Structure formats: C-alpha cells, structure tokens
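Asker: Pasting in a structure now, in structure tokens, and then I'll have a few things to ask.
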Amino acid sequence: PETAPAHAAMFTGIHPVRTGVLSNGHSLHKRYRTLAEHLAGEGYATAAFVSSFAVDSRTGLDQGFQAYDDDFFPGLRGLSEIRLAKLGMRVIMRFGDPMQFRTLLERPAENTLGLALDWVRDHGNRPFFLWVHVFEPHAPYETHGAVDAPDVNHSEILANEDSVTYDDKLEDQLRQLYVEEVEYTDRVLADFVDGVRDVVDRPISIIFTADHGEMLGEHDIHFNHHGLYDEVLRVPLIVVPHKEGHMVNRIPSQVRLMDIPNTVMGLLGVDEWDGVESSNLMEHANGLQDRDFSGFLMGRMERSRTEGTLFGYRVAQSQGKTGDMLKFLWHFDQNQTLLFDLTEDPGESTDISTSQPEAVSAMQTQVRKELGTAAPEGQGADQTELNALKALGYME
C-alpha cells in the first residue's frame, strides 16, 4: 500500500519485491517493460497525466508514454521543465519547510483531468491508452467547498502530529473531510468520463482503481496508509469493457493490481505477456478460471522507515473455497506475527497465531521464499526528492 511500488506493479505485472521498487523514492529500472511500452509498440497513442510528485517521471513510470504530464507549477505551464526553475525548486525543498510548498508538488484533479481531456480531443481519433492519476482522496484531506466542512487543517496536523491527540471529535472531522474528498473525486471523474465519451465516437474500455486505501483510525492508525490491514490493501478495481459479451460481474476471488496488464491485453485482443505475474481477469469473468491468487504483502509501520518493515500473506485456506481467507502479518524487525481468519473476522480484531503455529510457520517460509527472489532495491531518491515526499506526507 504505497504509491510508487503499487503503480510499478500495476504497469509491469511484476511484484515490487522483484522489480526493486520497494518504497516511494525508488524508481523503476528500464529493463522492466511497462504496459505503455507494450501498447505503444502495438500502435497505440499513449499518454499519462498525473497529479502528484510521488508518480512524476523520476519514478520511471513514464516509460512508454509518448506524453507524460507531471507539471505541477501553478500558473505558467512548462515552468517545471526550465533548468533554472528546477534548480530553484531543489533549493526550496532542501532548505525550506517542505510542508509549505505542497502546491508545487501536486495539482487538483480538475486541472489534471482538463489537460487529459484536451489530449483526448487531439488524439482520440486513433487507438489510445491513457492513464489519468488524481491525488484525492489522500492525506492531507482538504475541503472542496462544502458549506458544512469542518474547521480543521489536516496539513497542519500532519506537520505537528507528535503533539496531536486524535480524540473522537478530531477523528469525526477528518473522516468528514475524507468523505468530501471521495465525493469530489467521484464528481470530477464522472464529468471526465462523460467528456471523453462525448469526444470519442466509439466504445472505450475503462479501468478504475487505486494504489492504496486509507486508515481512518482503525487499529489505532490515524489517517494514513501505514500498516497492512485490509483498509489499505483492498481497493476498488472496476473494469468497464468496450465490447458486448465482455460484461463483467463481480469476481469473488482475490485479485491483484499486478493483474491489470494482461487484463488490458485481454480487453484489447492483443497477445498477453509471458514471464510476468499478471493474470487476465476477463478469463475469471467468463468462467475460464476459478481460483484465488495469493497476495504477498509488503509495507511499513510508520512514515519513518526506522520503525521497521512488515511482510505478510493474504491467501485462500484451501483450493476451491473462494473467499475463505487467512491473513498473516509479520513485523520482520521485531519478529512479531499476527494471523487472522478473514472469513470469520473481516475486521482483523482477533489474532489466532498462537492457536495456528503450523500456519504461521508455513507463511513465514513462504515469505522467505518470496524474499529470495527479490531484486536489488531500486534506485533511491536524493535528499531533494525525499523532502518532496515528506511534504506530501509520505515519510518523516
């Protein structure tokens, strides 16, 4: 549940532990082919419009996109590409207070979607693959003009979190802001999809998903996406096919963001990738597959990496029993383990690890196997990039 690793998996069909994109600040190596590169080779126009520094071109996610718009400077378009402006930005982020410069590191969904729609108007007459990324809803939560919006500054809270007490009133206020961000996102995305359909005179496929969820106080984790509980792992994944006969009902089995590349290939009727971990979910929808994929989990306890790494598994207890899930968590640095029966305990409130030592041992063995296939850690961020990620609330 972290932005750069999740998107790297989404576009390569390979688990982050095997690409080395283990955290924000790491970048995808060019040896890994992306979905955009594959489709560009098939003759598709490719473009991406993103709303946060966390997925700017430094991450390597721009591979294969003929247009990659990550210009967050307000006012003058193209300023971020000017060498002098880049130098000034590095000075600001290195020596200034990063939280004061968030407007240089992200942009509102409406702005990003407007630019993307302009691109569709220019390129929508040919086959195209378009990725549009919006940063709402994401901490820090902000109001979008609601008349009853709570009077609370989430950015200020995050900047002084060590001295903040999350009482019931503050938690309710922040949840209200989060809901407002969800409603705003729903509204502007609906307008964008309508706009695209007005411009493009043929059916289009749409995939809507997220890189991670948010903890809204559950398990005493407040308004971020730390930990590995299901609130941050289970995200929307909605596929709207462009062809009749590809109508998709709810897929009850566990799927993964890694499954998006070959699902897109299946939708478009192009040859699927071999040698990646991606599955074609259209085969699930058409009854050609009936299985749960194990989910190898990786995350961290807090914004500070010094608090340690979490690993885990979300896995079907037995073949053929779709939805009958066990969830294993392992705080690697402290060697603490948790085990949950998600069928009986979807809220992950009762640890059953002491009564299931064989399951715990099997899961630990599987985690070690996964780590044995890990790639070297991806290229890391410099201090300027780390400060930018700090400004967006990703780390201390």
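The values are calculated or read from the model by the stated rules, or taken from the named source; none is laboratory data. This is a predicted model, so every value here is computed, not measured. Heads up, the Cβs are rebuilt from the backbone with ideal geometry, glycines too, and the neighbour counts pull from every protein chain shown. These area figures cover heavy atoms from the full protein model, side chains too; ligands, DNA and RNA do not enter into them. Shrake-Rupley method; radii C 1.70, N 1.55, O 1.52, S 1.80 Å.
Asker: Among the residues of the stretch 184-201, which ones are free of Cβ contacts under 8 Å to residues at least 12 places away in the same chain and more than 23 Å from the chain's Cα centre (by Cα)?
Answerer: Once the filter is applied, which keeps residues that are free of Cβ contacts under 8 Å to residues at least 12 places away in the same chain and more than 23 Å from the chain's Cα centre (by Cα), the stretch 184-201 yields Asp194, Arg197, Asp198, Asp201.
Asker: Quick one: Gly320 ticks every box in (1) within 23 Å of the chain's Cα centre (by Cα); (2) modelled with pLDDT under 80 except a single one, so which number is it?
Answerer: Unmet for Gly320, out of (1) within 23 Å of the chain's Cα centre (by Cα); (2) modelled with pLDDT under 80: (1).
Asker: Follow-up. Can you name the residue in the stretch 211-244 that is assigned to a strand (DSSP E or B) and farther than 23 Å from Leu22 by Cβ and is also least open to solvent (accessible area, probe 1.4 Å) among such residues?
Answerer: Here the answer is Phe223.
Asker: Which pairs have Cβ atoms under 7 Å, sit 6 or more apart or on different chains, and link a residue in the stretch 268-281 that is free of Cβ contacts under 8 Å to residues at least 12 places away in the same chain to one that is not hydrophobic (A, V, I, L, M, F, W, C)?
Answerer: Listed pairs, sorted by first residue: Glu272/Asn262; Glu272/Gly266; Glu272/Asn280.
Asker: Are any residues in the stretch 30-55 surrounded by fewer than 20 Cβ atoms within 10 Å (Cβ to Cβ), touching a residue at least 12 places away in the same chain (Cβ under 8 Å) and out of contact with any strand residue (DSSP E or B) (no Cβ under 6 Å at 6 or more places or on another chain), and if so, which ones?
Answerer: Matches in the stretch 30-55: Lys30, Arg33, Glu37, Glu42, Gly43.
Asker: Still on this structure: Taking the condition more than 23 Å from the chain's Cα centre (by Cα), at pLDDT 80 or above and loosely packed, with under 15 Cβ neighbours inside 10 Å, does Asp290 pass?
Answerer: It is false that Asp290 is more than 23 Å from the chain's Cα centre (by Cα), at pLDDT 80 or above and loosely packed, with under 15 Cβ neighbours inside 10 Å.
Asker: Give Val270, Val255, Val315 a once-over and let me know the one that is of a type in the set (A, V, I, L, M), at pLDDT below 90 and closer than 17 Å to Val360 by Cβ.
Answerer: Criteria check complete, one pass: Val315.
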